[in-house]
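The values are calculated or read from the model by the stated rules, or taken from the named source; none is laboratory data. It should be emphasised that the depicted structure is a prediction, and the values quoted were computed from it without experimental measurement. Glycine also receives a Cβ, built like all others from the backbone with ideal geometry; neighbour counts cover every protein chain displayed. Ligands, DNA and RNA are excluded from the accessible area calculation, which covers all protein heavy atoms including side chains. Shrake-Rupley method; radii C 1.70, N 1.55, O 1.52, S 1.80 Å.
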Amino acid sequence: DQQVKQNSPSLSVQEGRISILNCDYTNSMFDYFLWYKKYPAEGPTFLISISSIKDKNEDGRFTVFLNKSAKHLSLHIVPSQPGDSAVYFCAARANYGQNFVFGPGTRLSVLP
Amino acid sequence: DTGVSQDPRHKITKRGQNVTFRCDPISEHNRLYWYRQTLGQGPEFLTYFQNEAQLEKSRLLSDRFSAERPKGSFSTLEIQRTEQGDSAMYLCASSSPGTGATSYEQYFGPGTRLTVT
């Protein structure tokens with residue numbers, strides 16, 4: 001039973017446009033959410049995070065939105081660049097431990 | 001210290017053999033995690049150390065798996081009597097001490113790819 005879902009395995013976007021990556025979760029005990037980016041042959045790299053007490057966090061071109069009532073979060077990348085092409089993982093932490101749960105990932109391709 | 005390192009990067013072993021992987025975290029990080037990742041999936045949590053204490057273990061961690069972090073620095077993950085289903089990427093991550101948001105941000109190593117034939 002996947003507690004963190006990323007229902008789009010892949011996404012293609014034109015350079016300069018907005019990329020929107022979505023994530024849904026089922027566990028109401030999740031209190032912190034993170035996005036990681038992964039290039040081939042490398043480990044995931046932390047990108048941006050959000051606490052469950054907030055609904056938006058912004059860092060440069062990256063913004064994460066959290067809708068707790070819908071158990072949904074999204075990552076917006078504006079403007080998208082070819083170097084953003086990677087697999088993006090959504091991850092969540094339950095408030096009772098250090099067991100981080102990752103989604104299956106979305107492969108983003110930014111076309112020049 | 002440039003990041004989390006893992007050794008070896010690749011390991012091919014025959015079914016039934018034992019394997020051991022090493023992880024060196026970022027030096028000031030007291031939290032260390034092991035994950036397993038298979039094709040098309042995200043990392044799956046295996047176990048978590050705070051300093052030398054193993055505080056959490058996943059149900060995925062069968063009795064053939066054991067992890068140690070004897071001095072609160074590097075960690076090893078051993079798999080005994082390997083099975084073909086153990087073939088995966090094994091990732092190590094570390095994070096900084098404290099209770100704030102930055103302590104949740106994990107820094108991952110490049111992983112050890114295990115192939116069991």
| Given 0.36 nm per residue, what is the gain on full extension from B:Arg15 to B:Asp63 after removing their alpha carbon distance, in nm? | 15.6 nm
| Rounded percent of accessible protein surface that carbon and sulfur make up, chain A, 1.4 Å probe | 48
| field | Solvent-accessible area of B:His10 with every protein chain in place, 1.4 Å probe, in Å² to the nearest 10 | value | 130
| task | Rank A:Ile53, A:Tyr32, A:Gly43 by how far each Cα sits towards the positive end of the charge dipole of region A:20-65 (+1 on Lys, Arg Cβ; -1 on Asp, Glu Cβ) and give me just the farthest. | result | A:Gly43
| task | Taking the Cα atoms of the protein assembly as shown, report the difference between the largest and smallest coordinate on each principal axis, in whole Å and largest first. | result | 49, 38, 37
| message | To the nearest 20 Debye, how big is the dipole of the protein assembly as shown about its Cα centre, given +1 on the beta carbon of each Lys and Arg and -1 on that of each Asp and Glu? | response | 440
| query | What base-10 log of the normalised intensity I(q)/I(0) is obtained for chain A from the Debye formula, alpha carbons as equal point scatterers, at q = 0.18, 0.22 Å⁻¹? | reply | -0.84, -1.23
| query | How do B:Ile12, A:Ile77, A:Ile53 stack up against each other in accessible area, from largest to smallest, with a 1.4 angstrom probe? | reply | A:Ile53, B:Ile12, A:Ile77
| query | Just by accessible area at a 1.4 angstrom probe, what is the order of B:Met89, A:Met29 from largest to smallest? | reply | A:Met29, B:Met89
| field | Partners for A:Lys54 among lysines (Cα-Cα distance below 20 Å; same-chain residues under 8 apart left out) | value | A:Lys68, A:Lys71
| note | With every protein chain in place, the residues of region A:39-64 shedding 40 Å² or more of accessible area versus the chain by itself (probe 1.4 Å) are A:Pro44, A:Phe46
| remark: Over chain A, with neighbouring protein chains present, the accessible area per residue in Å² at probe 1.4 Å is 47
| task | State the dimensionless ratio Rg/Rh of region B:11-74 (Rg: radius of gyration of Cα atoms; Rh: Kirkwood radius). | result | 0.98
| Solvent-accessible area of B:Asp7 with every protein chain in place, 1.4 Å probe, in Å² to the nearest 10 | 100
| Say a site is exposed when it is one of the GluC sites (Glu not before Pro), sits in a DSSP loop, and has at most 13 other Cβ atoms within 10 Å; what is then the longest site-free stretch of chain B? | B:29-82
| said: As a test of the definition: with a 1.4 Å probe, what buried accessible area, both sides summed, do you compute for A against B, in Å² to the nearest 100? | reply: 1600
| message | Let me understand chain B better: what is its radius of gyration from the alpha carbons, and its Dmax, in angstrom? | response | 13.6, 43
| Heavy atoms of A:Asp31: accessible area, 1.4 Å probe, square angstrom to 10 | 40
